[in-house]
Amino acid sequence: MLVRAPAARRRGLFAAASSITAVAILACGCSAPAPRAFAADRTLVDLSHEYSGETVFWPTADAFKLEKVADGVTEQGYYYAANNFATSEHGGTHLDAPVHFAKGHWSVEQIPLDRLVGDAIVVDVTATAASQADYRVLPADFTAWERTNGEIPAASIVLIRTGYSAFWPDAARYLGTSERGPAAVAKLHFPGLHQDAARWLAETRKVKAVGIDTASIDYGQSTLYETHRILYERDIPAFENLTNLDRVPARGAFIVALPMKIKGGTGAPLRAIAMLPPAR
Ligand SMILES: [Zn+2]
């Protein structure tokens with residue numbers, strides 16, 4: 001039940017809140033920050049795949065399921081539709097929370113929002129990854145990027161473009177195998193981030209998050225998941241199975257990557273978007 005305060009009382013509350021704001025402004029001698037309006041000339045790029053029966057999942061993870069509950073005209077004469085869904089955390093475009101590989105670190109709902117939004121850089125290794133399914137992105141790939149674009153700013157969101165999203169949702173090409181079950185894990189072949197580069201990004205460039213357009217931030221043949229462990233022990237979350245990175249420039253885009261807020265989650269479905277820099 002919704003209880004509404006009487007109008008006079010609501011006005012009183014508003015007046016009180018306004019005067020508190022005024023006092024706060026006077027006390028600090030500053031003015032309220034100007035609201036940042038969304039600029040209509042900024043292009044938005046969707047970095048998330050859809051969830052459906054085609055969504056690619058890790059060979060040992062349960063697939064996404066959508067169950068129809070209602071879809072039709074009710075006895076009362078209005079149309080009504082609703083579904084149930086079920087999914088494992090680590091499939092489709094999703095967030096990895098640090099607790100996924102670092103005991104006691106942030107679960108999904110504990111990650112501060114400012115770790116999930118920010119300025120992005122995109123490192124493009126599509127040419128190398130096209131001929132090397134087991135390629136791991138090296139510190140040299142990032143220093144090459146810096147020779148053209150300048151040093152990666154601290155607190156950047158680093159996005160790695162391997163080109164593998166073009167294979168989605170063909171698991172045989174995207175993952176290296178369409179087989180399911182524990183035995184299929186050894187047959188995974190796709191590029192990832194080398195552990196040396198993960199450490200370099202975390203320690204020398206102080207990045208806030210890392211994203212990739214493959215199924216895992218570690219390459220498919222990884223058995224110890226060193227890159228996951230290095231990043232998550234340092235509270236750097238990762239975004240996996242991103243798409244449309246070909247539409248995001250090397251620098252200048254602003255990323256918003258908001259997961260479903262699963263309490264205690266080690267990962268969660270992620271809706272990620274890029275706001276491109278204004279056209280000049
Ligand atoms: Zn994951």
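The values are calculated or read from the model by the stated rules, or taken from the named source; none is laboratory data. What you are looking at is a predicted structure, and each value in this text was computed from that prediction instead of being measured. Note: ideal-geometry Cβ built from the backbone for every residue, glycine included; neighbour counts use all protein chains shown. Ligands, DNA and RNA are excluded from the accessible area calculation, which covers all protein heavy atoms including side chains. Shrake-Rupley method; radii C 1.70, N 1.55, O 1.52, S 1.80 Å.
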Working only within region 61-72, note down all residues that are open to solvent by 60 Å² or more (accessible area, probe 1.4 Å) and either under 24 Å from THR214 (Cβ atoms) or not aliphatic (A, V, I, L, M) (or both).
ASP62, LYS65, GLU67, LYS68, ASP71
Hey, among the residues in region 45-60 that are open to solvent by 50 Å² or more (accessible area, probe 1.4 Å) and of a type in the set (Ser, Thr, Tyr), which one's nearest to the chain's Cα centre (by Cα)?
TYR51
Among (1) more than 22 Å from the chain's Cα centre (by Cα); (2) modelled with pLDDT of 95 or more; (3) in a helix (DSSP H, G or I), there is one condition ALA24 misses while meeting the rest; what is its number?
(2)
Of residues in region 73-112 being loosely packed, with under 10 Cβ neighbours inside 10 Å and of a type in the set (Ser, Thr, Tyr), the one nearest to the ligand (Cβ to nearest atom)
TYR79
Please enumerate the residues belonging to region 194-241 that are more than 12 Å from the ligand (Cβ to nearest atom) and closer than 24 Å to SER178 by Cβ.
ASP213, TYR219, GLY220, GLN221, SER222, THR223
